[in-house]
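Participant: One structure is given below, represented as structure tokens, and several questions about it will come after.
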């Protein structure tokens, strides 16, 4: 990626600050040039995150980095908001905008619209723009979220469940004789020892939960509900289900790009 070039002047840096991972990318107009991830460390300050940002941007010549003039952030970790603002201002000379879901341009039809996470709205905007509605976005992160968008492009609500790794870690911590195992697709649904029993339970439990919720959601719509997967385990899950229409691990970044373009 050495020497990546910008084709235009509207270079954009979207950042999604999650509880486990921070995802960011660089767009030249609507073309994604690169993306990277930083493991979320909530106790760190700008002296840690600033160099981490520069490291991800290192494929660009220094003079090109200065052309990044727009940054929109979706964050579910409020304590890191001022840290990233300081990091971007100090290391990139860039003042970010933090996404307010109420100003995303998508009507939010929930009981308390102000409570909806910015990342969920970014996902919803991208899914509707790219794939149309009705559509549900399933995002596999610290929590697994299901976000439903109507045919008319309204955010209707959804579900929040414990994430796959979060659930597994809780089991390992609470059950004294159990231990951490790799989360993988086991050869058989019937485990033959403790390790494969846990792997089968974690994996097939997550797949069955996803498919069960999707099936119940589809019963609510006359028109077929599309299913879009995103998040760290999206490819892994999609390979083992016939209910999935689209897989887009960078959906949140796409949503931030679309919202930023609409903001002007």
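We did not get these values from a lab; they are worked out from the coordinates using the rules stated. On a predicted model such as this, the values are computed, not experimentally measured, just so you know. Quick reminder, even Gly has a Cβ in these numbers, built from the backbone with ideal geometry, and neighbours come from all protein chains shown.
Participant: Under a point spin-label approximation (7 Å from Cα along Cα-to-Cβ), what is the residue 174-residue 77 distance to one decimal in nm?
Facilitator: Result: 2.5 nm between the two label points.
Participant: Using a Gaussian network model of the chain whose springs link C-alpha atoms within less than 10 Å, name the residue from 171, 210, 237 with the highest mean-square fluctuation.
Facilitator: Highest fluctuation of the listed residues: 171.
Participant: Classify region 1-127 from the C-alpha gyration tensor, please: rounded if a/c falls under 1.5, else prolate or oblate depending on whether a/b exceeds b/c. Intermediate values should be presented prior to the final figure.
Facilitator: Values: a/c = 2.12, a/b = 1.39, b/c = 1.53.
The shape class here is oblate.
Participant: Next up: So which residue, out of 215, 87, 75, gets the largest mean-square fluctuation from a GNM of the chain using Cα contacts under 10 Å as springs?
Facilitator: 215
Participant: For the chain, what is the mean residue ellipticity at 222 nm derived from helices alone (per DSSP H run of n ≥ 4: -39500 (n - 2.57); sum divided by total residues; nearest 500 deg cm²/dmol)? List each step's numbers first, then the result.
Facilitator: Working: 8 runs with 95 residues, N = 264.
So the calculated ellipticity at 222 nm is -11000 deg cm²/dmol.
Participant: So how far apart, in nm, are the two label points at residue 62 and residue 129 if each is 7 Å from Cα heading toward Cβ?
Facilitator: 3.4 nm
Participant: Which whole-angstrom value gives the distance between the alpha carbon centres of region 56-104 and region 156-232?
Facilitator: 33 Å
Participant: Between residue 54 and residue 34, what length comes free when the chain is fully extended (0.36 nm per residue of separation minus the Cα-Cα distance, one decimal in nm)?
Facilitator: Taking 0.36 nm per residue and subtracting the Cα distance, the gain is 5.9 nm.
Participant: Gain in length, residue 263 to residue 97, computed as 0.36 nm per residue apart minus the alpha-carbon separation, to one decimal in nm? Show your work: numbers first, answer last.
Facilitator: Numbers: separation 166, 0.36 × 166 = 59.76 nm, distance 1.08 nm.
Between residue 263 and residue 97, full extension yields 58.7 nm more.
Participant: Compute the helix-to-body angle for 81-92: its Cα long axis versus the longest principal axis of the chain, expressed 0 to 90° and rounded to tens.
Facilitator: 40 degrees
Participant: I need the calculated FRET efficiency for the pair residue 10 and residue 188, taking r as the beta carbon distance and R₀ as 41 Å, to the nearest 0.05.
Facilitator: Efficiency computed from Cβ-Cβ geometry: 0.20.
Participant: Against the longest alpha carbon principal axis of the chain, how many degrees, from 0 to 90 and to the nearest 10, is the axis of helix 164-174 turned?
Facilitator: Compared with the principal axis, the helix lies near 60 degrees.
Participant: At 0.36 nm per residue, minus the direct Cα-Cα distance, what do residue 181 and residue 86 gain on full extension? Give it in nm, one decimal, please. Please report the intermediate quantities before stating the final value.
Facilitator: Values: separation 95, 0.36 × 95 = 34.20 nm, distance 3.81 nm.
The residue 181-residue 86 span can extend by a further 30.4 nm.
Participant: Given region 102-257 reduced to its alpha-carbon atoms as identical point scatterers, what log10 I(q)/I(0) does the Debye formula return at q = 0.09, 0.16, 0.19, 0.21 Å⁻¹?
Facilitator: Each listed q corresponds, in turn, to -0.31, -0.87, -1.12, -1.29.
Participant: Just for region 11-98, what percent of DSSP beta bridges are antiparallel, to the closest 5? Spell out each step's value before the answer.
Facilitator: Numbers: 13 of 22 bridges.
Antiparallel bridges make up about 60 percent of those DSSP assigns within region 11-98.
Participant: Moving on to the next point. Going by alpha carbons, how many degrees (0 to 90, nearest 10) lie between the helix axis of 118-131 and the longest principal axis of the chain?
Facilitator: Long axis of 118-131 versus the principal axis of the chain: about 90 degrees.
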